[in-house]
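Values quoted throughout were computed directly from the atomic coordinates according to the rules given, and no laboratory measurement underlies them. Please read all numbers here as calculations on a predicted model, not as lab measurements. All Cβ positions, even for glycine, are placed from backbone atoms using ideal geometry, and neighbour counts span all protein chains on display.
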Amino acid sequence: MNRTAIASMLSLAALAPAARAITFFDGIFNNADWTLTQFNNANAAGSSTQGLQFLAGGNPNEFRRIRNQLTVSSPTGTLHGFHMNVTAFYDPSNQGAITSIDYSEDSINFVNQTGNGQGSGLAILQNGRFYRTSAALVMPYSSYSTWQPNAMPGLTASSFWEVDAFGNLSANTPDFSASGSIMQLGFWRGNSNNGSINTECGIDNWNVVIHQAPAPGAAALLALGGLTLARRRR
């Protein structure tokens, strides 16, 4: 291969679409920055959830404390609280399709009881529909009586379930494609049990990293350059 071809290949490498990502973070949890929407199924009528900022005791200072009161009339009662950040929005149709999302938080369980504290994970609101991660981060008191990191990397659209107004889960997923509409981001906290329970847990250092697809046109430009190089080598 001659020097011209090598130089051309290096130039094409420089044109290769670079990985892109955008990050959303909150370690303060001002009450005005968060909304809370509750969903419970019919077996958990009378349940309640609450989320409030505490100025001290977090990791390291401010944090959001979530109190779930699950009141179960018959098995199985479920309660979801969707805590949505009023400043965290992503628009796939303008900012690019999503390849994956890394979610992490610091979690703590304040109540010494059996069970996993609260289920948690990334929450998405899109087209008026609420989605939660199908898997759940948990925080049993034995290992989360102090602040601990809790992470869920590599989430794709198939990593989510929809929660409807009746607290039911379905296999519907958010739209991560370039035609997807605006998403609001947050986190969910929930409990499910055959009997009534109260849980009280905290969240700090809420962090969402959205990995974006290469900018439109970058891949086409690279392909065009490769075609030109191939023609020159003939």
- prompt: Local charge sum around residue 34 (other residues, Cβ-Cβ under 14 Å, Lys/Arg +1, Asp/Glu -1)?
  reply: -2
message: For a quick check: sort 185, 55, 79 by the number of other beta carbons within 10 angstrom, fewest at the front.
response: 55, 185, 79
- line: Sorted by chain and then number, the residues having a modelled amide H within less than 5 Å of the amide H of residue 152, at least 5 places away or on another chain, are 103, 104
task: Give me the net charge of residue 67's neighbourhood, meaning all other residues with Cβ under 13 Å from the Cβ of residue 67; Lys, Arg count +1, Asp, Glu -1.
output: +2
message: Sort 95-106, 23-34 by packing, meaning the average of other beta carbons within 10 Å per residue, with the highest value first.
response: 95-106, 23-34
